[in-house]
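*Asks:* One structure follows; several queries about it will come next.
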Amino acid sequence: MKVLHVVTLHTPDHAFGGPTRVALNLSRGLRARGVEAALVTLGDGFEGPLPTTVEGVPARLFQARHVLARFEVSGITSGAMLARARKLVMSADVVHVHLMRDLITLPMALIALSCGRPLVIQTHGMVDPTEKKVAKIVDALGIRRVLRKADAVLCLTDKERADVEAVVAPGRLRRSVRLVNGVAPQERGPSTRESRAERPATVLYLARVQAGKRPEDFVAAIPGVLAQRPDTRFLLAGPDTGGLAATLELARELGVSDSLEYLGALDRDEVYEQLRRADVYVLPSIQEALGVSALEAMSVGTPVVVTRTCGLAPDVAGAGAGRVVDSRPDSENDNGPRIARAVLELLDPAEHEKASDAAWQLIRDSFTIDAVVEKLAGVYEEVAGRVTTTAVRGS
């Protein structure tokens, strides 16, 4: 079986984040099962020729053109890619589109429909009800049709399914399937109390540095932690996609710059190296469908602090794999003090050991990439068979 994963953007620093990471993880897992999975996307920020493979996955990259700059990633496209879209789509047995309101994934999904190819849609929480005029126009022009006509729509959580149905209209999805994000099991970081007692504690934020991820809440937690653990180190890692200046400025205002280090964008090996070294991982996003970076942290036994509106919050709370904090500031203060209290709890040796064990086991019980890929392969077989049967009946 040949599967084409369509995602909006790939850059050297992985600035687009989750959807591309998920597409790559799924593609590698599928290829290990003998499925010919490949990636088609836009490339931007590369020096020299665009790569033909990404992390071992065959890839067809087209140079991004910023035609609507004010819409950022939603406003990039490629005439060359769209000119070849029909040929690309027809080369696949299943087209898997990581859909957002943009000029790449939406046209590719519409072309797959027009070609009669089996179509699987995954939205990663990026298609939800909105009052924004432009988004509503895009929904009317194609998003609703794609979601209604897709052979399967993959949802990370029940909330995402409800959001997608609200865009389309309740009961109008042909088929929806819950498919969580998955990660490969990893070697654990040092977990014994003795090994961690030998060095200062490390608290890590590792995600895109942008307003929506709330890195400023991570920084706002630093004074509360330092008040009780003055030697704690705080690491900020990930590509700057618009939020770094404000985040570092807040650190200066709070007088904690000396305790904070910005590592920049990390490659795959460096990501896991930092996650293993960290004592606590913090993801303060207000909205996070199912954060891959938090899964990666737990896969090496690092406890996490996530917000209540993160899709992983029920799993983290239920397993005791970290702490869940309220998602929005109250009338008196921001989320910094809440995050600080959660971090301090997890820095207690006994609590850390329990949460580390729970985090590591949670991934193996519920979020391995092998289990996710097995379920996805079943979806592909079903939709491909359904479309083939329909075509035969219609001939």
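*Asks:* Find the residue count for the stretch 340-353, including only residues that are modelled with pLDDT under 95 and closer than 19 Å to VAL256 by Cβ.
*Replies:* 0
*Asks:* Scan the stretch 279-310 residue by residue and report those that are farther than 18 Å from ASP217 by Cβ, small (Gly, Ala, Ser) and within 16 Å of the chain's Cα centre (by Cα).
*Replies:* The answer is ALA289, SER299.
Results for (1) more than 23 Å from the chain's Cα centre (by Cα); (2) aromatic (Phe, Trp, Tyr), shown as yes or no for each residue.
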position	(1), (2)
VAL203	no, no
PHE234	no, yes
GLY238	no, no
GLU249	yes, no
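*Asks:* A further question on this structure: Evaluate the following for VAL282: is it touching a Leu at 6+ places or on another chain (Cβ under 9 Å), free of Cβ contacts under 8 Å to residues at least 60 places away in the same chain, outside any helix (DSSP H, G or I) and not acidic (Asp, Glu)?
*Replies:* no
*Asks:* Is it the case, given these coordinates, that PHE234 is of a type in the set (Phe, Trp, Tyr) and in contact with a Ser or Thr (Cβ under 7 Å, 6 or more places away or on another chain)? Break it down stepwise before answering.
*Replies:* Working: of a type in the set (Phe, Trp, Tyr): yes; in contact with a Ser or Thr (Cβ under 7 Å, 6 or more places away or on another chain): yes.
Yes, satisfied.
*Asks:* Going by the conditions given, is ALA169 among the aliphatic types (A, V, I, L, M), modelled with pLDDT under 95 and exposed (fewer than 15 other Cβ atoms within 10 Å of the Cβ)?
*Replies:* yes
*Asks:* Select from the stretch 44-87 the residues that are among the aliphatic types (A, V, I, L, M), touching a Lys or Arg at 6+ places or on another chain (Cβ under 7 Å) and part of a helix (DSSP H, G or I) and list them in ascending order.
*Replies:* none
*Asks:* Any residue that is among the hydroxyl-bearing types (Ser, Thr, Tyr) and in a helix (DSSP H, G or I) - is there at least one of those in the stretch 257-270?
*Replies:* Yes, because at least one residue in the stretch 257-270 is among the hydroxyl-bearing types (Ser, Thr, Tyr) and in a helix (DSSP H, G or I).
The values are calculated or read from the model by the stated rules, or taken from the named source; none is laboratory data. Quick caveat, the model's predicted, so the values are computed rather than measured. For neighbour counting, all protein chains shown are included, and Cβ atoms are generated from backbone atoms with ideal geometry for every residue, glycine included.
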